[in-house]
Each structure stands twice: as structure tokens, then as C-alpha cells.
């Protein structure tokens, strides 16, 4: 299934395309003009964003929003700048942001909003780290040059931008982690839908609304997959009997 990723950022589109390939998601990027809700509540923002995008495009799609949270003097994680990170970032820029908050512990969060046409789902992942006193690295985009994720070897702490240059950003990225959740959800839904379609086909056969011709007119020499197991399974679903034995293989 093809999903549309809605974003006006070419850099984000490019990163998403790479990550989606890694997580088995078929993706196409497009831009939809959306007036983002100004709120501190990340989920409320993302749900509103994906709904507006779907109302316009009317195709299965997803949106993504990232935010930073800075540690308070008490040691608790604040809601600043939170869901309004992009607005604060545009006002301050990376240099002033680093000057003001360099050395502070921080948490980077990514949330995806996905709409399949029936329902909206949200997925969230976070990475803890700190703010670099100065911007570092030539790779990445947004605040990649000032965020240092935890989990790296001592004295080798790199920003997301520096990690991207050596091909290691995805190992620490909250965006990669949340896309993995989306990919897993899509696979589960596809399996569930296939099972439902199978049950509906079996019911149609049982009700004699459908007749299945297995192997009619097809040569065994083509060495196509046997229908034996399929017919046996359908017999159990349709008639709730013990395992059905097929006297000879069927081909289709």
C-alpha cells in the first residue's frame, strides 16, 4: 500500500524516504498547505494536522512532528519548547538556541499521525540527550546540529548532524524508531485484512454465492503451487469440520 507523506520540507522528505525503505513502507512525498494548530499538546496538534491533510488529499497518508523538551532546574522535563519547538527555533536560530540552552539535558520526541481513511492512529518515540553549547556538524537539518543523543561512547558524543555524516544517525534517531512502529502497525493491519477477506470468501462459498474452481484447465507440468493446503483450510473455515484431506493435488 502506498502512503503519502505530507511535508513542505525537502530535507525531511528525503530522510523519510530513506527510513521508509528501511522499514518496508511504500511512500510518496507531497505537499499540502496546512494551517497548523498552535498548541502545547503534541497529540492534539498531530491529529489535527493529519485530519486536515486527509480532508484535502483523501488518500492514506501520514504526517510527522518533532519537538524538544528541556530539563528544568528541579530535574524534571519541562514542556518547553515542546510542540511549539518549530516556532521558537525560527525565532532564535541554532546559534542563539545553543547559547541559551547549551549543556542542558533534553528530550527529542517524534510523533507520527497516520490516517488509513477509516481511523487516525498516532505513534510516538523519544530520545534523551543534551543541547550542544555550539552547533556542530554539516549534515542533517533543523536542530540536528545542536542535539546530542545519549548512548554514545564517552568522549565521542556527536550531534545528529555529525552522526549523519558517518552514517550513524538512524541508530539513535527517534524518527527512525517511530517509523518502525508505523511499519509494524501496517503489516499487522494487512495480515488482519487478509484473514478477514479469507473468512468472507469462505462464507460466500458456504452460502453458495461463489464457486471456486481450483486447477481447472491448468497443466500440472507448470509446477505451480499446490492448492491442497488452501482447500483444506477453507473446508475447515466453511464447514467447521476436522482437517479435510485432498485426494490429489490441485494446481492453479
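The values are calculated or read from the model by the stated rules, or taken from the named source; none is laboratory data. Since the model is a prediction, treat every value here as computed from it, not as a measurement. Please note: Cβ atoms are built from the backbone with ideal geometry, for glycine as well, and neighbour counts cover all protein chains shown.
A single member of 72, 61, 68, 100 is touching a helix residue (DSSP H, G or I) at 6+ places or on another chain (Cβ under 9 Å) and farther than 26 Å from residue 176 by Cα, and it is 100.
Among the residues of segment 19-46 satisfying the criterion of being in a helix (DSSP H, G or I) and without any contact (Cβ under 8 Å) to a residue 60 or more places away in the chain, which is surrounded by the most Cβ atoms within 10 Å (Cβ to Cβ)? Top of the filtered list is 45.
Within segment 1-18, the only residue that satisfies the criterion of being in a loop (DSSP other than H, G, I, E, B) and either within 11 Å of the chain's Cα centre (by Cα) or buried (at least 18 other Cβ atoms within 10 Å of the Cβ) (or both) is 7.
Okay, residues lined up against (1) surrounded by 11 or more Cβ atoms within 10 Å (Cβ to Cβ); (2) within 23 Å of the chain's Cα centre (by Cα); (3) without any contact (Cβ under 8 Å) to a residue 60 or more places away in the chain:
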{"residue": "136", "(1), (2), (3)": "yes, no, yes"}
{"residue": "147", "(1), (2), (3)": "yes, yes, no"}
{"residue": "165", "(1), (2), (3)": "yes, no, yes"}
{"residue": "175", "(1), (2), (3)": "yes, yes, no"}
{"residue": "179", "(1), (2), (3)": "yes, yes, no"}
{"residue": "182", "(1), (2), (3)": "yes, yes, no"}
{"residue": "192", "(1), (2), (3)": "no, yes, yes"}
{"residue": "199", "(1), (2), (3)": "yes, no, yes"}
{"residue": "207", "(1), (2), (3)": "no, no, yes"}
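Assigned by TED's automatic domain parsing to the domain that holds residue 48, loosely packed, with under 12 Cβ neighbours inside 10 Å and touching a strand residue (DSSP E or B) at 6+ places or on another chain (Cβ under 8 Å): is that true of residue 82 in this structure? No.
Tell me yes or no: at least one residue of segment 100-110 is in a helix (DSSP H, G or I), out of contact with any strand residue (DSSP E or B) (no Cβ under 7 Å at 6 or more places or on another chain) and surrounded by fewer than 18 Cβ atoms within 10 Å (Cβ to Cβ). Break it down stepwise before answering.
The first filter runs over segment 100-110 and keeps only residues in a helix (DSSP H, G or I), leaving 100-101.
After this cut, where a residue has to be out of contact with any strand residue (DSSP E or B) (no Cβ under 7 Å at 6 or more places or on another chain) as well, the list is 100.
This time we only want the ones that are surrounded by fewer than 18 Cβ atoms within 10 Å (Cβ to Cβ), so: 100.
Yes, segment 100-110 contains a residue that is in a helix (DSSP H, G or I), out of contact with any strand residue (DSSP E or B) (no Cβ under 7 Å at 6 or more places or on another chain) and surrounded by fewer than 18 Cβ atoms within 10 Å (Cβ to Cβ).
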